[in-house]
Amino acid sequence: MTNATETEIPAPPKAVKAKKVYPTIITAILFTLYFSQPMVGFIAAMLALPVAIWMIFQIVHAVGHPGTGKNCALRIGVWILAFALVYGINVARDNALRQRADRIVAKIEAYQVQHGTCPTLEAIGESRESLREALGHSTIYACEKNAPRFSYPVPYIIYDRYLYDFERKTWNYQPS
């Protein structure tokens, strides 16, 4: 027999089960390994906006479902770390190639000052193979009208190049 004054106590809301972190970690590792390779870093930059939107949705979800915040923060942290690693690796590669290219430019300029003419690669102690090994297969060095032309591929964007301006002594970015 039930009493008319008794009220039913509503059942507590079902707890939202936190998503597993392992798939996120595995995907982030694969992402980092792939997008840290030469010539594909720019694709990671294009993926940053969709991932940022996903992170915002994850934060909103965590606020609306108590108990999932720690898991959500861990998953977002994994992706932030993955993007930071990809960015850092690509910047380090770009800096290392620029330092190598600057050493070659210094050799070219020193030869020009000393001899007054555009040097051959052999005259500065280089070869086409050594340039391509150090800076990439599409590295270009040529003497045109006694003026050197030197460029190498941008390490994180396919088909784009850095071209050295010997008159202004600056590197210029050349999109494809």
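Nothing in this text is a laboratory measurement; each read-out follows from the coordinates by a stated rule. Computed from a predicted model, the values in this text were never measured in an experiment. Virtual Cβ from ideal backbone geometry, glycine too; neighbours counted across all protein chains shown.
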Gap separating the Cα centres of region 100-115 and region 59-76, nearest whole Å: 56
Lysine-lysine proximity count for the chain, Cα under 15 Å, sequence distance 8 or more or distinct chains: 4
Net charge dipole size for region 24-114 [Lys, Arg +1 and Asp, Glu -1 on Cβ; Debye, nearest 20]: 140
Whole-angstrom Cα spans of region 22-91 along principal axes, big to small: 42, 22, 16
Potential lengthening between E129 and Y34 on full extension [0.36 nm per residue; Cα-Cα distance subtracted]: 31.5 nm
Which of F57, F35, F42 has the fewest Cβ neighbours within 10 Å, and the rest in rising order: F57, F42, F35
Reduced Cα scattering model of the chain, Debye log10 I(q)/I(0), q = 0.08 Å⁻¹: -0.45
Using alpha-carbon coordinates, inclination of helix 69-115 to the longest axis of the chain, degrees: 0
Theoretical gain in end-to-end length, N95 to E109 [0.36 nm per residue, Cα-Cα removed]: 3.0 nm
Exposure proxy order (Cβ contacts within 10 Å, fewest to most) of S127, S176: S176, S127
Inter-label distance for A73 and E167, nm, one decimal - labels placed 7 Å from Cα along Cα-to-Cβ: 5.8
Theoretical ellipticity at 222 nm over the chain - DSSP helices of four or more residues, -39500 (n - 2.57) apiece, nearest 500: -18500 deg cm²/dmol
Residue exposure sequence - H61, H137 - by fewest surrounding Cβ within 10 Å: H137, H61
Fluctuation leader among Y164, Y87, Y111 - the chain, Gaussian network, Cα springs under 10 angstrom: Y111
Unmatched cysteines, the chain - criterion: no other Cβ of a Cys under 4.7 angstrom: C72
GNM result for the chain, Cα springs below 10 Å: residue of R93, R103, R75 fluctuating most strongly: R103
Fluctuation leader among G116, G136, G77 - the chain, Gaussian network, Cα springs under 10 angstrom: G116
